[in-house]
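The numbers here are math on the coordinates, done by the rules we state, and not lab data. Worth saying up front: this structure is predicted, and the values here are computed from it rather than measured. When we count neighbours, we look across all protein chains shown, and the Cβ atoms used for this are built from the backbone with ideal geometry, even at glycine.
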Amino acid sequence: MLFNSPIFIFLFLPLAVGGFFALARVPNHGQRLAIGWAALASLVFYGWWDPRYVALLLGSIGFNYTCGIALARRAAAGRPSRSLLAFAVTGNLVLLGFFKYTDFLIGTWNAASGDAVPLVHIVLPLGISFFTFTQIAFLVDAHRGIAREYDFLYYLLFVTWFPHLIAGPVLHHKEMMPQFYDAANLAPRRSNFEVGLTIFFIGLFKKVVLADGIAEYVNPTFSSRDAPTLFDAWSGVLAYTFQLYFDFSGYSDMAIGLSRLFGVKLPLNFASPYQSASIIEFWRRWHMTLSRFLRDYLYFGLGGNRRGPLRRYSNLLVTMVLGGLWHGAGWTFVLWGALHGAYLVLNHSWRAFRSRFAPWLDPDWRIYRLAGVALTFFCVVVGWVFFRAADVDAALRILGGMFGAHGATLPDALGRALGPLRTEVEGLGIAFTPGGGARFVSAWSWIVGLGLVAFFWPNTQALMRRFEPALVTRDEDVSPGAPARVARLAWAPTNRWALAMGLAAATALLSLNRVSEFLYFQF
């Protein structure tokens, strides 16, 4: 079931919210009934796609709950069990690996050995990466004595909580469990509905109007077997860059807004990442809960930066390669992760060099930050080519087009509009071809328009910051943009904002006839 589908908005959501608060009013047992209703609604939400996978989800939850309780009890008794932790984590990784990587491993074996082992073509269960990582974090913290014993009903809701279940964020038990146990959240609050619905409709607008609006300019570049020319390559790649941005940003907003209807705050997962002035900063703003998981449970587990710079950089590379592989079973994702690992190594190396040999170079200088934003965005765009391409050959073909290896063409209509300048442009090696003028202008209008929003418009967290819409664990995760601009645009429950949100909601709802999946569902 999709957040951007009529059945979710007009049927599922009212029943889920209404049933929760109605059952919460039952004397003596209201809280458990409400929690049970929310868990049941979450299972229905998940099973709407394919009911058979509900059993898989429940089996994973039962296994991890049993192991987690045993780990927590051993830790409380002063006898933590590393073998039990290894068994439990391995069980999760085997489950994830079977569904997500079986065909990838078979294909890799066939390519390396020359065998022709048939692929299994296993259907990937929705959200398996997210609920697996959420539970691995629980297991590790139970082993460390951080996670205490929880009622199974509450644990069931923690894992299945429908606003996050399909595409994140990756939840942490210490952030969510206290909110589920909080009796104050059993009563509906006007402020929660105002804030929650506002954020939800902002996210819905981003998805169905902005992300889906630019989507048509992506496929011609990435699905064609022909080598794209300079402007075609850049238009397709930049279109995908902003499609993915507003698709994921929209989903993240919608998840936060939906959860807020129940009085529950989800962790912030997206904070204007294209405004980052470094790759380090980018990963503090893009898919922030996954970055936190990889840092806390993988990078630190490998030793982090405690064993010298060489070990630190190798740990970064390993972490990012595995992070890339988490996103998808393919060599393009491995290369994307390795590329970002190399970016991070270079970024950390530059910081070390600057602090030692050029301490006078102030990173807060405006020109320095602008250059950093431009370079970071360019590096991220190059990475997205591998992220989106069907295979490595296609990625290299598109990258060749971006760097002019396949020539450059423009629509003839544009050439006529240039008048006498056309000769000068042709002198640069740019040819003019018939047709495509309207599509060319439309594509670049979308790219420029969405680029202005991504780089200069305050993000949802900044607009709503006075109402604390999400959990923020690190101050540097959120950049409000220009303070004066944010102050002028700051959301408040006023008639002006109600009118603006009403128009945005109406526009989004009228666009639901072209319902499409969120891009992160495939991960």
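Computed FRET efficiency, Cβ-Cβ of Leu510 and Ser224, R0 51 Å: what is it to the nearest 0.05?
Numbers: r = 32 Å, r/R0 = 0.62.
It comes out at approximately 0.95.
Please give the peptides 326-332, 25-31 ranked by average Cβ packing (other Cβ atoms within 10 Å per residue), highest first, as a rough proxy for protection.
326-332, 25-31
Suppose the chain between Leu396 and Arg79 were pulled fully straight at 0.36 nm per residue; how much longer would it get relative to their current alpha carbon spacing?
Going from the current span to full extension adds 108.9 nm.
In terms of modelled amide H atoms, which long-range or inter-chain residues lie less than 5 Å from the amide H of Phe432?
When sequence neighbours closer than 5 places are left aside, the close amide H contacts are Leu410.
Where the centre of each part is set by its Cα atoms, how far does the stretch 319-353 sit from the stretch 197-218, in angstrom?
28 Å
What ranking of Tyr343, Tyr368 emerges when the number of other C-beta atoms within 10 Å of each C-beta is taken as an exposure proxy, fewest first? Could the numbers behind the result be given before it?
Numbers: Tyr343 22, Tyr368 13.
Neighbour counts put them in this order, fewest first: Tyr368, Tyr343.
Dipole of the stretch 143-208, Cα-centred, from +1 at each Lys and Arg C-beta and -1 at each Asp and Glu C-beta, to the nearest 20 debye?
Dipole about the Cα centre, nearest 20: 220 debye.
Given the C-alpha centroids of the stretch 252-288 and the stretch 369-418, what is the distance between them in whole angstrom?
27 Å
Enumerate the lysines that Lys206 could reach by cross-link, defined here as Cα to Cα under 23 Å, with residues fewer than 8 away along the same chain left out.
By straight Cα distance, Lys206 reaches Lys265.
Can you spot the aspartates and glutamates whose alpha carbon is less than 18 Å from Lys207's alpha carbon? Ignore those fewer than 8 places along the same chain.
Within the straight-line limit of under 18 Å, Lys207 reaches these aspartates and glutamates: Glu216, Asp247, Asp253, Glu517.
Before anything else, pin down the relative contact order of the chain: Cα pairs under 8 Å, at least 6 apart, normalised by residue count, whole percent.
It rounds to 18 percent for the chain.
If I compute mean projected area of the Cα convex hull in nm² from the structure I just sent, which labelled value in (1) 27.3; (2) 29.2; (3) 23.9 lines up?
(2)
Rounding to the nearest 20 debye, state how big the charge dipole of the chain is about its Cα centre with +1 on each Lys and Arg Cβ and -1 on each Asp and Glu Cβ.
1560 debye
How far apart, in nanometres, would the label points at Phe432 and Phe63 be if each is projected 7 angstrom from Cα along the Cα-to-Cβ direction?
Spacing of the two 7 Å Cα→Cβ label points: 6.4 nm.
Can you tell me the relative contact order of the stretch 123-209? Whole percent, Cα pairs under 8 Å, sequence separation 6 or more.
Value for the stretch 123-209: 32 percent.
Could you calculate the FRET efficiency of Arg488 with Leu197 from 1/(1 + (r/R0)^6), where r is the beta carbon distance between them and R0 is 25 Å, rounded to 0.05?
Details: r = 23 Å, r/R0 = 0.90.
Efficiency, rounded to the nearest 0.05: 0.65.
Got a sec? Charge dipole of the stretch 94-171, +1 on Cβ for Lys and Arg, -1 for Asp and Glu; which of Phe131, Gly168, Ala111 is way out at the positive end?
Gly168
What Kirkwood hydrodynamic radius, in Å, does the stretch 6-188 give when the mean of 1/r is taken over all pairs of distinct Cα atoms and then inverted?
Numbers: mean 1/r = 0.0554 Å⁻¹.
This gives a value of 18.0 Å.
I want to check the label-to-label distance for Arg144 and Arg32. Put each point 7 Å from Cα in the C-beta direction and report it in nm to one decimal.
3.2 nm
Can you show me the helix-derived [θ] at 222 nm for the chain, built from DSSP H runs with n ≥ 4 at -39,500 (n - 2.57) apiece and divided by the number of residues, rounded to the nearest 500. If you can, show how the numbers build up before the last one.
Details: 22 runs with 325 residues, N = 523.
So the calculated ellipticity at 222 nm is -20500 deg cm²/dmol.
What share of Cα pairs, in percent, lie more than 18 angstrom apart in the stretch 92-218?
Cα-Cα pairs in the stretch 92-218 separated by more than 18 Å: 70 percent.
In the calculated pair distance distribution of the stretch 255-362, what percentage of Cα-Cα distances lie above 21 Å?
Above the 21 Å cut-off, the stretch 255-362 has 45 percent of its Cα pairs.
Read phi for every residue in the stretch 5-20 and hand back ³J(HN,Hα) as whole Hz from Karplus 6.51 cos²θ - 1.76 cosθ + 1.60, θ = phi - 60°, with x for Gly and Pro.
10, x, 5, 6, 6, 9, 10, 4, 4, x, 5, 5, 5, x, x, 4
For the stretch 6-188, what is the charge dipole size about the Cα centre, in debye to the nearest 20, if Lys and Arg each add +1 at the Cβ and Asp and Glu each add -1 at the Cβ?
520 debye
Which residues among the stretch 436-465 fall inside the zone where the amide N is under 15 Å from a point 7 Å beyond the Cα of Val425, along Cα→Cβ?
Answer for this model: 436-445.
How high is the FRET efficiency from Ala500 to Phe455, r the C-beta distance, R0 25 Å, rounded to 0.05?
0.70
If I take every Cα pair under 8 Å that is 6 or more residues apart in the stretch 204-292, average their sequence separation and divide by the length, what percent do I get for the relative contact order?
25 percent
Distance between the C-alpha centers of the stretch 34-67 and the stretch 447-470? Whole Å please.
34 Å
In what sequence do Thr409, Thr221 fall when counting other Cβ within 10 Å, fewest first? Write out the running numbers ahead of the final one.
Values: Thr409 18, Thr221 27.
Ascending Cβ contact count within 10 Å gives the list Thr409, Thr221.
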